[in-house]
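Some notes on the structure that comes next.
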Amino acid sequence: MRVAVLGGGHGCYAAAAELTERGHDVWFWRRDAEAFQPLLEAKRITLTDSRGRREVEIHRPTTSIEEAVSQAELILTPLPATAQEGMACAIAPFLRPGQIVFLPPGTFGSYLFARALRESGNRADVAFAETGTLPNLVRKHGDTSIVVSAYGKHLPVGVFPSRSTWRAVKILQAAYPSVQPLEDVLSAALMNAGPIIHPPLILMNAGPLEHFPAWDIHAEGTQPSIRRVTDGLDAERMAVREGLGYGPPHFPLRDHYAQEGPEWMYGRAAHEKLTSSGDWREKIDLLSHRYMAEDTKLGLSLLTSVGKWAGVETPIARGLLAIASAVLGEDLYRTGRSLEALGLATLTRGEMAQLLREGL
């Protein structure tokens, strides 16, 4: 299958390597040509995971987004949600009928991509899909080197519009067999783990993050009091899902930390795999890091607004969003990805269901 991987982040390099190893024809594009030059020259990614270290040849790195996108069956954009609007506008003119655009994770970005397609004047019947996390836990260790700590065992995926679910899932499972279909893309957006894990970690570790030259919020920063806040926030997420009629599995975040019991998206003991790598000891700028700009500003504003729209209380989410707003000096509900900001807050439940089913 021909696959386009778009972007220059950790997840993009991992996707290019993983899907190449699975036998797909991967066309890998990155906007920053200078930063991409080492891969353009080497045409290979050094991948290290539980199977060891090896070189993966990327046959089609390219600096042309049209060349990457126009003939692909699957277009993969494992980018932060903050980059989605720009990417949506960049690829909209080149999309063709029958293509699948996959956002892991999404933060309801599928709606933004569909809207950009419509606003570009392109009427192609394209399906947009998203899931609750990246397909792997990964960090870049250089210009062309990555280390993968864990691979996704369960990727719950929603499709926009949901009438295209089975067509999209067939293609997605050819790339990632762990893909599991959900009711729709809003259900998938409410599976996003980032806005549950990261806002409590970055806000409740603000002191040491600003004091120490580097701090691992997933290791020494994950203390019992913070876990209790995270569990409470996750309970609100699941309550919103249930309030909208979405059934289990909800992939409760407590399973991310558990050594036994139900498997989380990365399987059992996922948190231990993450912390044992040591790759998350870093200097985090509270004002600009993606845990604040993406997971808090966009992810929590979406969760609180959907809860408000559905009539489900989310006091922990609202409280964390308020604290983050004070830290940044910005009303993150107003400037984030709320239903109000998306122009969807006035829809009735029936109108929302029709939108999710039929698209724009």
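The values are calculated or read from the model by the stated rules, or taken from the named source; none is laboratory data. From a predicted model like this one, the values you see are computed outputs, not experimental measurements. Quick reminder, even Gly has a Cβ in these numbers, built from the backbone with ideal geometry, and neighbours come from all protein chains shown. All accessible areas refer to the heavy atoms of the entire protein, side chains included, with ligands and DNA or RNA removed. Shrake-Rupley method; radii C 1.70, N 1.55, O 1.52, S 1.80 Å.
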(request) List the strands (runs of 3 or more DSSP E) that sit entirely inside region 1-114 and contain at least 1 residues that are aromatic (Phe, Trp, Tyr). (result) 25-29, 100-103
(request) May I ask you to say which residue of Ser178, Ser110, Ser164 is more than 19 Å from the chain's Cα centre (by Cα), polar (S, T, N, Q) and at negative phi? (result) Ser164
(message) If I filter region 292-311 for residues that are in contact with a helix residue (DSSP H, G or I) (Cβ under 8 Å, 6 or more places away or on another chain) and surrounded by fewer than 17 Cβ atoms within 10 Å (Cβ to Cβ), do I get at least one hit?
(response) yes
(message) I'm trying to understand the selection: among the residues of region 193-221, which are at pLDDT below 95 and closer than 17 Å to Glu242 by Cα?
(response) Ala193
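If you scan region 189-206, which residues turn out to be of a type in the set (A, V, I, L, M) and in a helix (DSSP H, G or I)? If you could, list the steps in order and put the result at the bottom.
Of all residues in region 189-206, those of a type in the set (A, V, I, L, M) come to 189-191, 193, 196-197, 201-204, 206.
The answer is Ala189, Ile196, Ile197, Leu201, Ile202, Leu203, Met204, Ala206.
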(message) Going by what's in this entry, would Ser325 be described as among the small types (Gly, Ala, Ser) and in contact with a helix residue (DSSP H, G or I) (Cβ under 6 Å, 6 or more places away or on another chain)?
(response) yes
(message) Can you confirm whether Leu356 is within 21 Å of Phe160 (Cβ to Cβ), of a type in the set (A, V, I, L, M, F, W, C), in contact with a strand residue (DSSP E or B) (Cβ under 9 Å, 6 or more places away or on another chain) and part of a helix (DSSP H, G or I)?
(response) yes
(request) Kindly provide the set of residues from region 248-262 that are touching a residue at least 24 places away in the same chain (Cβ under 8 Å) and surrounded by fewer than 16 Cβ atoms within 10 Å (Cβ to Cβ), ordered by number. (result) Pro249
(request) Residues being in a helix (DSSP H, G or I) and either among the hydroxyl-bearing types (Ser, Thr, Tyr) or in contact with a strand residue (DSSP E or B) (Cβ under 9 Å, 6 or more places away or on another chain) (or both): count how many of those fall in region 279-319. (result) 5
(request) Specify the residue that is surrounded by the fewest Cβ atoms within 10 Å (Cβ to Cβ); the eligible residues are those in region 199-220 that are out of contact with any strand residue (DSSP E or B) (no Cβ under 8 Å at 6 or more places or on another chain) and among the small types (Gly, Ala, Ser). (result) Gly207
(message) Would you confirm, using the coordinates I've provided, whether Glu210 is within 23 Å of Gly106 (Cβ to Cβ), in contact (Cβ under 8 Å) with a residue 40 or more places away in the chain and not polar (S, T, N, Q)?
(response) no
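Among the candidates Ile146, Ile91, which residue alone is of a type outside the set (Asp, Glu), open to solvent by less than 40 Å² (accessible area, probe 1.4 Å) and farther than 30 Å from Gly267 by Cβ?
Just one listed residue meets the conditions, Ile91.
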(request) Specify the residue that is nearest to Pro199 (Cα to Cα); the eligible residues are those in region 221-236 that are in contact (Cβ under 8 Å) with a residue 60 or more places away in the chain and open to solvent by 10 Å² or more (accessible area, probe 1.4 Å). (result) Val229
(request) Scan region 325-340 for residues that are surrounded by 23 or more Cβ atoms within 10 Å (Cβ to Cβ) and farther than 21 Å from Ala188 by Cβ and jot them down. (result) Leu332
(request) Take Pro161 and decide whether it is buried (at least 21 other Cβ atoms within 10 Å of the Cβ), out of contact with any Asp or Glu (no Cβ under 6 Å at 6 or more places or on another chain) and closer than 30 Å to Ala310 by Cα. (result) no
(request) Filter region 34-85 for residues that are in contact (Cβ under 8 Å) with a residue 12 or more places away in the chain, of a type in the set (D, E, K, R) and open to solvent by 40 Å² or more (accessible area, probe 1.4 Å) and give the result. (result) Lys43, Arg44, Glu57, Arg60, Glu66, Glu67, Glu73, Glu85
(request) Select from region 118-140 the residues that are among the polar types (S, T, N, Q) and farther than 18 Å from Leu253 by Cα and write down the one among them that is least open to solvent (accessible area, probe 1.4 Å). (result) Asn122
